[in-house]
Structures are given as structure tokens and as C-alpha cells.
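The values are calculated or read from the model by the stated rules, or taken from the named source; none is laboratory data. If you're wondering where the values come from, they're calculated on a predicted model, not measured in any experiment. No Cβ is skipped: glycine too gets one built from the backbone with ideal geometry, and neighbour counts run over all protein chains shown. Ligands, DNA and RNA are excluded from the accessible area calculation, which covers all protein heavy atoms including side chains. Shrake-Rupley method; radii C 1.70, N 1.55, O 1.52, S 1.80 Å.
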Amino acid sequence: MRVGIATSNNLFKLYDVDSDQALDGTVSVDFPELSLQTVEYKGAGVNGTINVPIPGLMSALEVTLNVAKIYGALTDYMSLGQTRTLDLRNDLIVNTGSGMERVPERLIIRGPISGASPGNVEQGAASDGSITIQIRYINYFLDGTEIMEWDVEKVIHTVRGRDMLADTRRNIGM
């Protein structure tokens, strides 16, 4: 991966892997916040309570597609409960010190559609629709390097090649 500072997104495309269609009309994609589940702990020697992260147990993840209007291929996303696989490809602008370079960023996500809002109707304005997908799988790449893979069903969580759940899988016989 190149050394530098990412300054902006240039241009992106979003594809539905299952139907092999581009989801043109998607205005933006809100990535999920990655956070571990926590358990509240209190006991002897602790003055109060603390939240302790549980290694391997990620909080529920979702991605939101913001659209001007649910239209065309996006109307398939009103089939709530249907699992879809998305492939987002972004042209990221990075200041490397010797100039601006374009760097590929890619995010593959899979999960069931849990919400679809056609938005609103206002004269001369976009409808501000949205589609929400509950994430079961993520694979994230920057500049051709795999940064993270997470699969809730296969108990996989790797970060830059480091297997975060190897001990867990071994302990439970996977």
C-alpha cells in the first residue's frame, strides 16, 4: 500500500454481484461502524462498572445505500429479507507527497435486505430514498491489499492477514 494521506473519493461504482447489474443512481454508501460487543463488568477491586469488549463478537453491522429515488435495478431491493452481495469499487485520491495518485478501494458485502424507503416527494427535489442491508460478510481491500475479512457464519475475522479468531475456532473445534 502506498504511503500518503487519503484526501477524497473521486468516483465509485456499485455492483450487485447476484444479478450482475450496476446500481447506478446510488448517491452514497454509509459504511458500518465496526465495534465489538461488550459486557458490563463489576466486581471486587473495580470502583464502579466497566464495559469489557468480547474478542470475536462483533456488534450488528449494517450498510445503508442512499439513493435519489429507488428506481430501475434498485427496485429489486424492496424484496425485504432477500440476501444480496454488493461490490463497491472506489477511486480514492491519495496525496503521496510526490503528487496525487488514484488508489483502488473495494468493499464486498453480503447480507439480507432489512429496509427500503422510497423517500419523500417534493417538487423539484430528489426523494432521498434509502436501502438498509444487515451485513453477514465483509471483505475490504485498499490499493490491492486485503485489509479485513469478516464472516459471522464461518467465524472469520482477519485484519491485514492476522487471524483474530484462530484460537476461538480451535477452542470450539472448527
Condition met for VAL94 (surrounded by 16 or more Cβ atoms within 10 Å (Cβ to Cβ), assigned to a strand (DSSP E or B) and over 20 Å from the mean Cα position of the chain (by Cα)):
yes
Check GLY43 against each of (1) farther than 28 Å from GLY144 by Cβ; (2) open to solvent by 70 Å² or more (accessible area, probe 1.4 Å); (3) assigned to a loop (DSSP other than H, G, I, E, B) and name the one condition it does not meet.
(2)
For the stretch 116-140, which positions are of a type in the set (A, V, I, L, M, F, W, C) and crowded, with 17+ Cβ neighbours inside 10 Å?
ALA116, ILE131, ILE133, ILE135, ILE138
Going through the stretch 151-174 one residue at a time, which ones are over 15 Å from TYR140 (Cβ atoms) and open to solvent by 100 Å² or more (accessible area, probe 1.4 Å)?
GLU153, LYS154, ARG170, ASN171, ILE172, MET174
Kindly list, by first and then second residue, each pair from a residue in the stretch 115-138 that is among the small types (Gly, Ala, Ser) to a residue that is buried (at least 19 other Cβ atoms within 10 Å of the Cβ) and part of a loop (DSSP other than H, G, I, E, B), limited to pairs with Cβ atoms under 9 Å and residues at least 6 apart or on different chains.
ALA116/ILE70; SER117/ILE70; GLY119/ILE70; SER127/ILE70; GLY129/ILE70; SER130/ILE70
Regarding the stretch 123-142, can at least one residue be identified that is farther than 26 Å from LEU11 by Cβ and in contact with a Pro (Cβ under 9 Å, 6 or more places away or on another chain)?
yes
Right, GLY45: in contact (Cβ under 8 Å) with a residue 24 or more places away in the chain and over 30 Å from ILE133 (Cβ atoms) or not?
no
Find the residue count for the stretch 46-59, including only residues that are part of a loop (DSSP other than H, G, I, E, B), at negative phi and open to solvent by less than 70 Å² (accessible area, probe 1.4 Å).
2
Within the stretch 60-91, restricting to residues that are closer than 21 Å to PRO118 by Cβ and of a type in the set (Asp, Glu), the one that is surrounded by the fewest Cβ atoms within 10 Å (Cβ to Cβ) is GLU62
